[in-house]
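Remarks on the structure that follows.
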Amino acid sequence: MKIANRMEKLSPSLTLSITALANELKAQGKDILSFSAGEPDFDTPQIVKDAAIKALNDGKTKYTAVEGIKETKQAIINKLKKDHNLDYKLEDIIISNGAKHSLFNLCQALIDDGDEVIIPSPYWVTYPELVIYSGGIPVFIETDETSGFKISAEQLKAAITPKTKALMLNSPCNPTGSIYSKDELIAIAEVLKGTDIVVLSDEMYEKIIYKGQKFTASAEISEDMYNRTVTINGLSKAVAMTGWRFGYVASPNRELIKAMSKLQGQVTSNVNSITQYAAIPALLGDADDSIEKMRVEFEKRKDYAVKTINSIKNLSCYEPDGAFYLFINIKEFSNDSMKFCADLLESKGVALVPGLAFGMEGYARLSFATSMEKIIDGLNRIKEFVEA
C-alpha cells in the first residue's frame, strides 16, 4: 500500500513528539519533568463544567448546525464587541474543533497552489505545515531579541510580492510571548493598505498578558484591517479547556466563512454539542475571575523562571509579555537545539522543545504552565546540566 503523496508534505509535530516521549519515559518509571506541552495545569472553571452538565441533563446531545449553534455564536459576537468593539453577525462566525482545526479549514479554503504566506519567525510549529499542505509557500521573516521577536513594517513591505496571499500574525506569540502593540499594528496596517493580503490573526493567548499591558486585536486597528483580518481564537489556553476542543473564526468575508463551513461539513460536521454550550459562560465573561487567578499565577511563575534562567551561566531569555512560554537562548552553550534538548532529557529528565521546531536554532522553549514546585525542580536540573 502506498501512502498518498500529500502526506509527504507534512512533518510530525516536534512539540507533540517530545511530550509523547516524556510521557513514555515517565510511564517506564523514570523521573521526568516535562515543560514541552502548551497546556495549563489548572482545571476547567466550575461554571463551565456546570454549563456542560446542564446541557447533558437537558438532552443537548444531538447534531447541531455545522458552523455552531446560534447561542454560542452570539456569545462570540458579544465577546468580540465587549473586548474589542468589533461588530460581527452570525454569518461571520464558524466554530471548529479547536483553533488548530480552524486554521486547517482556513488554509484549505484560502490558499491555492503557489500562494505565498508571510510568517514571522520564530513561529508556532503548525503554521508552515498547514500552508505547505494547502499548496502554499511559507515566506519567513526573521526576527530576534532586539526587536522583541516582532517584524517591522519595513520587513513586511520588503517581503510582499505579487504572489503574497496572507500574513500570519500571532500575538501574544507562541513561542516567544511577544505582543504587537497598537502602534506596531498600525504600521503594519499602513503597509497592507491597497493590497488584497489577508491577515490571519491568531489571538489564542490574548487573556494571558503581563505587566499591565493591553492587548490590541488586529481587526480593531481600522476599517481596512477589520475587512482583511480573519481572527482565530478559542478557549483552550485562557480558560484551561484544551481537551474540550473549542476554536472559532470571525471574519466579515462571508464567502470565506461559507467555504470553511462547506469543508467542515464534509469532514467533522459540528463541534461536540456539549462543548458548545459549556463555552457560552466562558465567552460571556462568567469565568473571568478564574481566568484572572490563572493569569496571576502564570505571572508569578514567569517572573521566577525569567530571573532564574538569566542567572544560569551561558543561558538567557527574553522576558515574555504574554502566553506561558520562555524562549531560552542557549547559543553560548550550544547551537544544536535538538542535541541540547535530547541530552537534557536523557541526563536530567527535563523535556524542553528545541528552537528548531519553531524555525529558530539556538533556542529552546520552556512552558511554565505547570506548578511552581516543578518549575523550581526543573530549573535546578537545567542549571546542573549547563554548569556541570
So, over other residues within a Cβ distance under 12 Å of P120, counting Lys, Arg +1 and Asp, Glu -1, the net charge is -3
Nearest 5 is fine: what % of DSSP beta bridges in the chain come out antiparallel, could you say?
-> 45 percent
DSSP beta bridge pairing in region 190-273, given as percent antiparallel to the nearest 5 | 50 percent
With the dipole of the chain defined by +1 on each Lys or Arg Cβ and -1 on each Asp or Glu Cβ, the option from L25, G378, Q213 whose Cα lies farthest towards the positive pole is L25
How high is the relative contact order of region 198-286, in percent, with contacts defined as C-alpha pairs under 8 Å that are six or more residues apart?
-> 24 percent
At 7 Å along the Cα-to-beta-carbon direction for both A388 and N253, put a label point, then send me their distance in nm to one decimal.
-> 5.1 nm
Charge-dipole axis of the chain as Lys and Arg at +1 and Asp and Glu at -1 on Cβ define it, positive-most pick from L256, C107, I274 | I274
Quick one: net charge of A238's neighbours, Cβ under 11 Å, K/R +1, D/E -1?
-> -1
For the chain, the per residue accessible area (1.4 Å probe, Å²) is 44 Å²
Over region 240-385, what percent of the accessible surface lies on carbon and sulfur atoms, probe 1.4 Å?
-> 48 percent
Would you pull out the residues with amide H under 5 Å of V198's amide H, same chain only if 5 or more places away, H placed 1.01 Å from N?
-> A166, L167
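Placing unit charges on C-beta atoms (Lys and Arg positive, Asp and Glu negative, everything else neutral), compute the dipole magnitude of region 320-377 about its Cα centre in debye, rounded to 20.
60 debye
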Amide H contacts under 5 Å for N270, placed H, 5+ residues apart = T64
Test item: Cα-centred dipole of region 204-282, Lys/Arg +1 and Asp/Glu -1 on Cβ, debye | 220 debye
Going toward the positive end of the dipole of region 1-90, with +1 on Lys and Arg Cβ and -1 on Asp and Glu Cβ, which of S13, G38, M1 do you reach last?
-> M1
Could you tell me the distance between the Cα centroids of region 99-129 and region 9-37, to the nearest Å?
-> 24 Å
A student applying the Cα gyration tensor rule (rounded when a/c is under 1.5; otherwise prolate if a/b is larger than b/c, oblate if not) would label region 85-236 rounded
Summarise the long-distance tail of P(r) for the chain by giving the % of C-alpha pairs beyond 38 Å.
-> 17 percent
Within region 72-107, backbone nitrogen closer than 18 Å to the virtual label 7 Å beyond the Cα of K54 toward Cβ | 72-76, 78-79
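Roughly how many debye, to the nearest 20, is the charge dipole of region 27-161 about its Cα centre, given +1 on each Lys and Arg Cβ, -1 on each Asp and Glu Cβ, and no other charges?
For region 27-161, the charge dipole is close to 720 debye.
What's the carbon and sulfur percent of region 44-194's accessible surface, probe 1.4 angstrom, rounded to a whole number?
The computed percentage sits at 53.
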Could you work out the local net charge near D224, counting Lys and Arg as +1, Asp and Glu as -1, over the other residues with Cβ closer than 11 Å to its Cβ?
-> 0
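The values are calculated or read from the model by the stated rules, or taken from the named source; none is laboratory data. Here the structure is a predicted model, which means the values were calculated and not measured. Note that we place each Cβ from the backbone using ideal geometry, even for glycine, and neighbour counts take in every protein chain shown. All accessible areas refer to the heavy atoms of the entire protein, side chains included, with ligands and DNA or RNA removed. Shrake-Rupley method; radii C 1.70, N 1.55, O 1.52, S 1.80 Å.
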